[in-house]
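Accompanying notes for the structure given below.
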Amino acid sequence: MKDEGKTKKQLMNELVELRQRIAELGKAETERKWAEEALKEYSERLEEMVEERTKALRDAQEELVRKERLAVLGQLAGGVGHELRNPLGVISNAVYYLQTILPDADETTKEYLEMISSEVRHGEKIVSDLLDLSRTKPAEREEIAVSDLVAQVLEKQPPPEKVKVTTKIASDLPPLFVDPRQVGQVLVNLVINAYEAMPEGGRLTIKAKGKKGKMYLSISDAGCGISKEKMERLFEPLFTTKARGIGLGLAVSKNLVEANGGSIEVESPSAPLRTGEVGKGSTFTVVLPTKEAQT
Amino acid sequence: MSEKLRILIVDDDRRMANTLSDIFKVKGYEAQAAYSGPEALDMVKKGRFDCVLTDIKMPQMNGVRLCRAIKAIQPDLPVVLMTAYSADVLVKEGLEEGVIASLTKPLDINLLLGFFSSLRKERSIVIVDDDPQFCKTLGEILRARDFAVTQVIDPHKVVEALRRDAQVVLLDMKLNSISGLEVLKEIRAQFPHLPVILVTGYREEMSPAIEAALKINAYTRLYKPLQIETLLQLLSEVRHRELGRVLGQPVRKRKRVKR
């Protein structure tokens, strides 16, 4: 064979070449490993991304369903609600008349008349909640001081005997830029809920904090709190935790706050994750635009 | 006004019109019911009424059209709308047409009774000016138009004078012993919503004070010599707003007139 004739020098050269190739191969191996790892990482990230997107899509779909449900409910409410107001109006007039001409009626008669009158008011409240939900009027926004708005709400909805109200509102806060009627209605709803969460009495705290053109207005009760699964459905229309009530107050509130460029959040701080258990107290925070943010 | 207030109630739902008129009669008013727009219009033409309370949605002639027709006959007759449809476009149209307010059914009767008693009240005005001659002449003009006028020449006694049921204040911005702005602040501290119309003869000199006064919610300003027609128009605008406020109609800020 020809190779037999190779010189020592030739052999040395071949050896060097071989070593080089081995080194190159090793390098390629490292590169391959690196690429594999990158690929793996990328595929994991892709999974995450898909998951994120899916969640966003699901949320969007849920929101759509919520809106659709509201729209259907709205149409129905518009029709039924308005038609109910006429007979409610006549009943309410008739009772007013009877109560006026019968000041000396016996106690049972008086009690029954009062019963009709208060049931009419209850019915009227349901109708107006339904109508508010079906058609949120465009917000007529103006400047209003938080302290004034809160004072108006508490005047309209004074606390029951056993509930004490504390307000912590600094005097140097910028004015809100909202529809005072709509936001007032939201606060009335939240305050009523808070009162009702404390049937045995307790403290209601209303705080306002301004931050970066926004006002954080929070209403805290010392009631039994809200469980996690209820919390998730709280703003859905027709979801209620009350024995009386059809579950429109918070859905209406959410719509009204959003119509004013704000948002609403709920916290029930120490609520444990285990089912059925609830923490102590709830805080609803309404985030609203201030006048500062508009200029 | 010793006579009974005369109220016309219009609703195509007869039970609504009848129950309301029965309530108002029991409460000491003279009330009549009409069941359609044309019928109501006929009654306005024939008789005298002090207030019309009408439903909006009625066949033939709706409440807003009725209001327009009434204003053509008797422009100063206060019209109040009532409706089951709170977000109706007609409500907005009615407010532009000059109705006092639009109420949602079921009606808050006590609110309406409060409104009727405001309607019965004499229109009263307090004039604050340290020029006795000005007070006297303007006072006579307004009295001739059935206003109850109180004149205050000593600006330190304004708040005292206001205790007696004032509906509107005419305040001179340049007084001898105290600035008009200070008086306004005193008034605001006691009566946050009372409409105060500023008056001045010194346009340029007083303009910073007037700006400051408008900021703390003075109603508007007038310049001397006063145009009586302008003043009267302003006074009926103030009354319209105040009556609306009694019925819970939200009070809009008066548009600032740029000069």
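The values are calculated or read from the model by the stated rules, or taken from the named source; none is laboratory data. What you are looking at is a predicted structure, and each value in this text was computed from that prediction instead of being measured. Glycine gets a Cβ as well: all are built from the backbone with ideal geometry, and neighbour counts include every protein chain shown.
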Worksheet item: Taking the stated definitions as given, is A:Pro180 touching a strand residue (DSSP E or B) at 6+ places or on another chain (Cβ under 6 Å) and within 13 Å of chain B (Cβ to nearest Cβ)?
Response: yes
- Message: Condition first: surrounded by fewer than 17 Cβ atoms within 10 Å (Cβ to Cβ), under 30 Å from B:Pro78 (Cα atoms) and touching a residue at least 12 places away in the same chain (Cβ under 8 Å). Can you find one or more residues in the stretch B:172-189 that meet it?
- Response: yes
### Query
Has the stretch A:112-129 got any residue that is surrounded by 14 or more Cβ atoms within 10 Å (Cβ to Cβ), farther than 30 Å from B:Lys27 by Cα, within 14 Å of chain B (Cβ to nearest Cβ) and not β-branched (Val, Ile, Thr)?
yes
Across (1) touching a strand residue (DSSP E or B) at 6+ places or on another chain (Cβ under 7 Å); (2) away from chain A (no Cβ under 14 Å), B:Thr83 clears everything bar (2)
When A:Gln75 is run through (1) of a type in the set (S, T, N, Q); (2) modelled with pLDDT under 85; (3) within 30 Å of A:Ser117 (Cβ to Cβ), the failure sits at (3)
Within the stretch B:190-218, the count of residues that are assigned to a loop (DSSP other than H, G, I, E, B) and surrounded by fewer than 19 Cβ atoms within 10 Å (Cβ to Cβ) comes to 11
Within the stretch B:101-119, the residues that are of a type in the set (S, T, N, Q) and within 12 Å of chain A (Cβ to nearest Cβ) are B:Thr104, B:Asn110
Scanning the stretch A:91-105 for residues that are more than 7 Å from chain B (Cβ to nearest Cβ) and not aliphatic (A, V, I, L, M) gives A:Gln99, A:Pro103, A:Asp104
Over the stretch B:30-48, the set of residues crowded, with 21+ Cβ neighbours inside 10 Å and under 18 Å from B:Arg120 (Cβ atoms) is B:Ala31
* Does A:Gly79 meet the test of being within 14 Å of chain B (Cβ to nearest Cβ), without any contact (Cβ under 8 Å) to a residue 12 or more places away in the chain, in contact with a Pro (Cβ under 6 Å, 6 or more places away or on another chain) and more than 21 Å from A:Phe235 (Cβ to Cβ)? -> no
The residue that is surrounded by the most Cβ atoms within 10 Å (Cβ to Cβ), considering only those in the stretch B:2-20 that are among the charged types (D, E, K, R) and within 11 Å of chain A (Cβ to nearest Cβ), is B:Asp11
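Quick grid of which residues meet (1) out of contact with any Lys or Arg (no Cβ under 6 Å at 6 or more places or on another chain); (2) more than 24 Å from B:Arg15 (Cβ to Cβ); (3) not small (Gly, Ala, Ser):
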{"site": "B:Ala72", "(1), (2), (3)": "yes, yes, no"}
{"site": "B:Pro75", "(1), (2), (3)": "yes, yes, yes"}
{"site": "B:Gly94", "(1), (2), (3)": "yes, no, no"}
{"site": "B:Ser102", "(1), (2), (3)": "yes, no, no"}
{"site": "B:Pro106", "(1), (2), (3)": "yes, no, yes"}
{"site": "B:Pro132", "(1), (2), (3)": "yes, yes, yes"}
{"site": "B:Leu142", "(1), (2), (3)": "yes, yes, yes"}
{"site": "B:Asp146", "(1), (2), (3)": "yes, yes, yes"}
{"site": "B:Thr150", "(1), (2), (3)": "yes, yes, yes"}
Next on the checklist: Would you confirm, using the coordinates I've provided, whether B:Arg143 is in a loop (DSSP other than H, G, I, E, B) and under 23 Å from the mean Cα position of the chain (by Cα)?
Outcome noted: no
Within the stretch B:21-39, the residues that are more than 14 Å from chain A (Cβ to nearest Cβ) and either more than 11 Å from B:Asp55 (Cα to Cα) or in contact with a Ser or Thr (Cβ under 9 Å, 6 or more places away or on another chain) (or both) are B:Glu30, B:Gln32, B:Ala34, B:Gly37, B:Pro38, B:Glu39
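Here's the yes/no breakdown for (1) outside any strand (DSSP E or B); (2) within 14 Å of another protein chain (Cβ to nearest Cβ); (3) surrounded by fewer than 18 Cβ atoms within 10 Å (Cβ to Cβ); (4) under 24 Å from the mean Cα position of the chain (by Cα):
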residue: B:Leu53; (1), (2), (3), (4): no, yes, no, yes
residue: B:Gln60; (1), (2), (3), (4): yes, no, yes, no
residue: B:Arg68; (1), (2), (3), (4): yes, no, yes, yes
residue: B:Val91; (1), (2), (3), (4): yes, yes, no, yes
Of the listed residues (B:Val169, B:Val159), the one being among the aliphatic types (A, V, I, L, M), at pLDDT 85 or above and surrounded by 14 or more Cβ atoms within 10 Å (Cβ to Cβ) is B:Val169
Yes/no for B:Thr19 being under 17 Å from A:Gly89 (Cα atoms) and part of a strand (DSSP E or B): no
For B:Glu96, the lone unmet condition from (1) within 14 Å of chain A (Cβ to nearest Cβ); (2) within 21 Å of the chain's Cα centre (by Cα); (3) not hydrophobic (A, V, I, L, M, F, W, C) is (1)
The stretch A:139-228: strands (runs of 3 or more DSSP E) wholly inside it with 3 or more residues that are modelled with pLDDT of 90 or more, surrounded by 14 or more Cβ atoms within 10 Å (Cβ to Cβ) and not basic (Lys, Arg) are A:163-169, A:176-178, A:202-211, A:214-220
Going through (1) surrounded by 19 or more Cβ atoms within 10 Å (Cβ to Cβ); (2) at pLDDT 85 or above; (3) small (Gly, Ala, Ser) one by one, A:Ser134 fails only at (2)
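Each row is one residue, and each column tells you yes or no for (1) assigned to a helix (DSSP H, G or I); (2) over 30 Å from B:Leu107 (Cβ atoms); (3) not hydrophobic (A, V, I, L, M, F, W, C).
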position	(1), (2), (3)
A:Leu46	yes, yes, no
A:Val50	yes, yes, no
A:Arg53	yes, yes, yes
A:Glu63	yes, yes, yes
A:Leu76	yes, no, no
A:Asn86	yes, no, yes
A:Gly89	yes, no, yes
A:Val95	yes, no, no
A:Asp104	no, no, yes
Given (1) more than 10 Å from chain A (Cβ to nearest Cβ); (2) farther than 22 Å from B:Ala69 by Cα; (3) assigned to a helix (DSSP H, G or I); (4) not small (Gly, Ala, Ser), B:Met43 misses just (2)
